[in-house]
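Visitor: Pasting in a structure now, in structure tokens, and then I'll have a few things to ask.
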Amino acid sequence: MMKVAVTGGAGFIGSHLVPALVSDGHDVSCIVEPGLSVTVPDVHVFPIDISTRQGLTEALSGADAVIHLAARNHVLQEKEKDPLAEYRKVNVVGTRNVLRAAADSGTKLFIHLSSVKAMGEESEEVLNEESKCSPKTPYGISKLESEEAVSAEAAKKGMSAVIIRLPMVYGPRNKGNLPRMIRWAERGLPFPLFQPDNLRSMAYVENVVAGILAVLKSPPAGVSTYIVKDKDDYSTRTVYSTICRALGETPRFLPIPGLAVRLAGILSEDFRKVAGSFRVSSARIEKEIGYSPSHPLEEGIERTVRWYKGPVH
């Protein structure tokens, strides 16, 4: 049994990870955003603003490992005048604060959840941990800077640190692109098909949780970076067809001309997420940690649809 602290434990991934840690017999504490009313059975909850260090050392006291999920994630309708500054406040300064507090508390392992957006937005090649990073968005820039902060601080403090980059994560309780596609399918509407042969890497949340648990059980020494994703990559046609089958609907598609695709890609990041190709490799974590994702797309979509059709979503 380990004492494990999780920042962002009340978030989407945290809501799946924390029960899994408890089920594994770990002593778990959660740091959540102040103002949230969160009660998790068998878990100590600390409301703390990670952009300051106030209360962090106490909350992380005695932790063998810290799993850092808390972040300012991609905002669809940005209202801040300086988005990059806002992302940096949480994703860079906050990450540095948590890692330093963890080091001061004697923590030996720091697991930092990052994003493939630290690498870029689109690529014709399959990217891996050695690929050149060229983030294009304020969010992506802040996530790369957070990784750099983790690497520098962990090396300075003599801690083991693992950076896990994730593509789009889907599953129950995620209110991102997949629920939008479910709503579209539920209405029986033909889905706009921008690039019939596009392929994107995605990660079902239970595969992410399993990947984190695998790292927790067999952490490498020093600072390491891994990509966690589903075993396969998916086209928009495959994802939407799987959603329709889970709903008992017949998938229908509306082809969109190439020029409209290019214009949409310029105008909207959401279009790029659905239309373009962006593939990454998880070969390193399979080789070095021995982790391979076991949950298929069909299972992830089925459980997400079931959650979506529940009484509250």
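Visitor: For residue 41, indicate whether it is under 21 Å from the mean Cα position of the chain (by Cα) and free of Cβ contacts under 8 Å to residues at least 24 places away in the same chain.
Guide: When the stated conditions are applied, residue 41 does not pass them.
Visitor: Follow-up. Pick out the one residue from 100, 72, 88 that is buried (at least 16 other Cβ atoms within 10 Å of the Cβ), among the basic types (Lys, Arg) and in contact (Cβ under 8 Å) with a residue 60 or more places away in the chain.
Guide: On the way: 100 fails: in contact (Cβ under 8 Å) with a residue 60 or more places away in the chain; 88 fails: in contact (Cβ under 8 Å) with a residue 60 or more places away in the chain.
From the options 100, 72, 88, the qualifying one is 72.
Visitor: Please return the ranges of strands (runs of 3 or more DSSP E) entirely within the range 189-299 where 3 or more residues are surrounded by 14 or more Cβ atoms within 10 Å (Cβ to Cβ) and at pLDDT 90 or above. Can you show your working first?
Guide: Working: elements: 191-193, 202-204, 223-227, 253-255.
Qualifying strands (runs of 3 or more DSSP E): 202-204, 223-227.
Visitor: Moving on to the next point. Quick check on my filter: what residues within the range 24-64 are among the small types (Gly, Ala, Ser) and under 19 Å from residue 111 (Cα atoms)?
Guide: The answer is 25, 29, 51, 59, 61, 62, 63.
Visitor: Now for a different question. Residue 23 is checked against (1) over 19 Å from the mean Cα position of the chain (by Cα); (2) closer than 27 Å to residue 167 by Cβ; (3) in contact (Cβ under 8 Å) with a residue 12 or more places away in the chain and fails just one. What number does that condition carry?
Guide: (3)
Visitor: Residue 200: within 30 Å of residue 6 (Cα to Cα), more than 16 Å from the chain's Cα centre (by Cα) and of a type outside the set (S, T, N, Q), yes or no?
Guide: Numbers: within 30 Å of residue 6 (Cα to Cα): yes; more than 16 Å from the chain's Cα centre (by Cα): no; of a type outside the set (S, T, N, Q): yes.
Taking the combined requirement at face value, the residue does not satisfy it.
Visitor: Given (1) out of contact with any Lys or Arg (no Cβ under 9 Å at 6 or more places or on another chain); (2) under 19 Å from residue 244 (Cα atoms); (3) among the hydrophobic types (A, V, I, L, M, F, W, C), identify the lone condition not met by residue 109.
Guide: (2)
Visitor: So, one more: Among the residues of the range 104-134, what is the count of those that are within 13 Å of residue 165 (Cα to Cα), within 17 Å of the chain's Cα centre (by Cα) and not in a strand (DSSP E or B)?
Guide: 7
Visitor: Restricting attention to helices (runs of 4 or more DSSP H) lying wholly within the range 1-103, give those where 2 or more residues are among the charged types (D, E, K, R).
Guide: Values: elements: 12-23, 56-59, 83-88.
Helices (runs of 4 or more DSSP H) meeting the threshold: 83-88.
The values are calculated or read from the model by the stated rules, or taken from the named source; none is laboratory data. The shown structure was predicted, so the numbers you read here are calculated from the model rather than taken from an experiment. Ideal geometry is used to build each Cβ from the backbone, glycine not excepted, and the neighbour counts take in all protein chains shown.
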